Structure formats: structure tokens, C-alpha cells
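Report on the following structure.
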Amino acid sequence: MPAVEMHGVSKTYRRRGRPPQRALDGLDLVVEAGGVHGFLGPNGSGKTTTIRVLLGLIRPDAGEVRLLDRPVPAALPQVIGSVGALVETPLFFPGFSGRLNLRLLADIAGLPYTRVDEVLALVDLTDRAEDRVKGYSLGMKQRLGIAAALLKSPRLLVLDEPSNGLDPAGIRDVRELIRRLGRDGSTTVLLSSHLLVEIEQVCDHVSIMARGRRVVTGPVGQVLASRSSGDVRVRVPHLAEAAAVLTAAGFAVSPADGGLLVHAVPAPGEITRVLAEHGHYLEELTPVTADLESAFLELTAEPA
Ligand SMILES: Nc1ncnc2c1ncn2[C@@H]1O[C@H](COP(=O)(O)OP(=O)(O)OP(=O)(O)O)[C@@H](O)[C@H]1O
Ligand SMILES: [Mg+2]
């Protein structure tokens, strides 16, 4: 059973005196249960709108939405208790400690305080739990927000660009936390991001959005591999000889800043073998992935 299913979902924002904004244009999105599903798209592609529709915060104009196998918004009251979300920067009482803030939320939800300590440990805030929230870094506040979203042990956790605005250390902590949650297995995580590298680092599956539609979906490795060039950069001490050996073995080779570029290589290990057989030993063998970023830009580009 998928955690999220959206079919043909459209949403146009209409405000008096403004041109209508079509945010979703027949969106299809399926998030299978388990692991971390990335929801990647450039600014304004409709990620936040999708999440708002999913959580019943706004109504779509058309389409079908199912959350944990129940229709949304009709069955929202029955499922929303199993969904945790971090959509905007969470609001906490700045003068209270992280632990007290979570205890207040636990009181409202009828959860035991032992659960508060569990989620504090999960997000690695146990040591700072007694400090006031106003003394927390942005990254700590974000992790406290994720802790709050985790309180009721949700089956689905929705995070809308959780590393926005964080410094590199904060980003690393949040990404590590999300990876850990995905491995844990009891929660499906839907993570929106406009950063390809974040999706690569954290997600198992990805759906890429552009202009309110899904342009591609699948396991991250597969989606990215199908977009990578298949070129491999090779560095060896004797470039000309190595190039001759590789060409004789049937590879397409061209020189590239101090090394060789071997084109459309299905199995890079072949390069190692062929060169070693002729007494050339590799200093470097790197698949060329630099064009992933441009592939993403191409996929999501505005039509001219
Ligand atoms: N409340 C609103 N009123 C009018 N237009 C809106 C509103 N919210 C979003 N939009 C428009 O809908 C489109 C999609 O916006 P959305 O916020 O869903 O994109 P996003 O992918 O989350 O972008 P970002 O990466 O910048 O967060 C944009 O053109 C945006 O200007
Ligand atoms: Mg957004």
C-alpha cells in the first residue's frame, strides 16, 4: 500500500486583482511505503502546494488524493493522526526549554513524557533538552521541529525543505537524521528539496517536479544513472600510451585536462583491467557526473 497517491491533481491560486497562478497541473505522485522519498523541483515548481494539498491545508481544483490508503480530504480526520509534518518553521515558546515545549505538545496529544525523551534522543537533542529554545541554533530548532513531528510515531513524515537556511553543519545533522529515520523502517519520509545533492545523499526514491507536473520518478540510483553521461575520467602516468591501449580495446577516448575521458563506459572496471594488462596503473578513475546538475536543469527548464 503506497503512503501517498495523487492522480491528476490540479490547483490554481486565484486572488482578486491578480493573474491566476497555476501551481499544480495534473500532478501524479506515488510514494511507496518505507524509506525516504525525495520530492525534487526548482523554486515555484509546486512542492509546497502539493504538500499543502496532501495535508488537507488547501483543496485541489481537480484530481484524486489518497493518504495512507484513505481519500483526502474526506478521511483526513482518520489519517492525520498518523502523519507528522514540518511545513513551515515550527513555532515554539522561546523562553521554555526544548523538553518543556515537547511536553506541552505531548499533553495535547495525550502522549506520555517518555515519548518526549525518545524523540529528543532520536534527533540528538538530549544534551540540550533543558536549554531554552531561544538559545538554540537554527539547525537545533529545525531538529526540535522534526522531534515534534515525530512525537505521535507517524507512519508518514512530511518534511518541506527542512535544511533551508541552515549552515553546513546544520544541514549535515538534518540530513543524517533523515537518513537514520529512513533506515529505521517504521516511518515513510517524504522530503521536498530543490537541491539535487540533498536528494542524492538522503533519498532512496525520487520524483522530480517541474511546472506543477512530475517529470520523472524512480529509485534515485536509476533516475540519476539514466541521466549520467556514462563517461569516465582516467588519470595514468603515460597518457598517450594508455590512450592507444584503450582505443585498441574498443573504447572511445579523448584527452581531458591532464587526463583522459573515456566515453559511454558500461563497466568502468573494464578500463582498469585493460590498462593493467598493458602495465598501466590508474591514478584516478572517476565517473563523470557533473552533468547531472545540468540534466536536472534541462528536465525542469522553462520552455523557451
Ligand atoms: N498562496 C499563494 N497564492 C498565490 N500563488 C501562490 C501561492 N502559493 C504558491 N503560489 C504560486 O504557486 C506556484 C507554486 O508554488 P509552491 O510554493 O508550491 O512552489 P515550491 O516548489 O514549493 O517552491 P519553493 O522551492 O520556492 O518553495 C508558484 O508560482 C507560486 O508563486
Ligand atoms: Mg516550497
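A simple charge model with +1 on the Cβ of Lys and Arg, -1 on the Cβ of Asp and Glu and nothing else charged puts the dipole of region 121-203 at about 240 debye relative to its Cα centre.
Largest GNM mean-square fluctuation across Asp204, Asp167, Asp257, computed for the chain with C-alpha springs under 10 Å, falls on Asp257. Can you give the angle from 0 to 90° between the axis of helix 239-248 and the longest principal axis of the chain, with both taken from C-alpha atoms, to the nearest 10? It is inclined by approximately 90 degrees. Straight-line cross-link reach from Lys141 at under 25 Å between alpha-carbon atoms covers these lysines, not counting any fewer than eight positions away in the same chain: Lys47, Lys152. For the options Tyr136, Tyr281, Tyr13, a Gaussian network treatment of the chain with springs between C-alpha atoms closer than 10 Å singles out Tyr281 as fluctuating the most. For region 205-268, a crude dipole built from +1 on the beta carbon of Lys and Arg and -1 on the beta carbon of Asp and Glu, taken about the Cα centre, is about 520 debye to the nearest 20.
For Asp124 and Asp69, the difference between the fully extended length at 0.36 nm per residue and the C-alpha to C-alpha distance is 16.6 nm. P(r) tail, region 180-274: Cα-Cα pairs separated by more than 16 Å, 66% of all pairs.
Considering all different alpha carbon pairs of the chain, the Kirkwood hydrodynamic radius works out to 21.8 Å. Treating r as the C-beta distance of Leu76 and Ser186 and R0 as 25 Å, the FRET efficiency rounds to 0.70. Note on the chain: GNM, Cα springs under 10 Å; of Glu161, Glu118, Glu241, the largest mean-square fluctuation is that of Glu241.
Rounded to the nearest 20, the size of the Cβ-charge dipole of the chain about its Cα centre is 1580 debye, with Lys and Arg at +1 and Asp and Glu at -1.
Distance from the Cα centroid of region 170-219 to that of region 82-102 is 22 Å (rounded to whole angstrom).
Protein heavy-atom accessible surface, 1.4 Å probe, per residue over region 150-248: 43 Å².
Seen against the Cα atoms of the chain and their longest principal axis, helix 291-300 is set at about 50 degrees.
Its residue count N fixes a reference of 2.2 N^0.38 Å for region 136-188, and the Cα radius of gyration divided by that reference is 1.09. Here the accessible area is traced with a 1.4 Å probe on the protein chains. For the chain, carbon and sulfur cover 53 percent of it.
The calculated Kirkwood hydrodynamic radius for region 232-288 is 10.8 Å, given to one decimal from all distinct C-alpha pairs. By the equivalent-ellipsoid construction on the alpha carbon gyration tensor, region 27-182 comes out with semi-axes of 27, 19, 14 Å, ordered largest to smallest.
The values are calculated or read from the model by the stated rules, or taken from the named source; none is laboratory data. Predicted model, so just to flag it, every value in this text is computed and none were measured. Methodologically, a virtual Cβ is constructed for each residue, glycine included, from the backbone with ideal geometry; neighbour enumeration extends over all protein chains shown. Please note that ligands, DNA and RNA were not included when accessible areas were found on the heavy atoms of the full protein model with its side chains. Shrake-Rupley method; radii C 1.70, N 1.55, O 1.52, S 1.80 Å.
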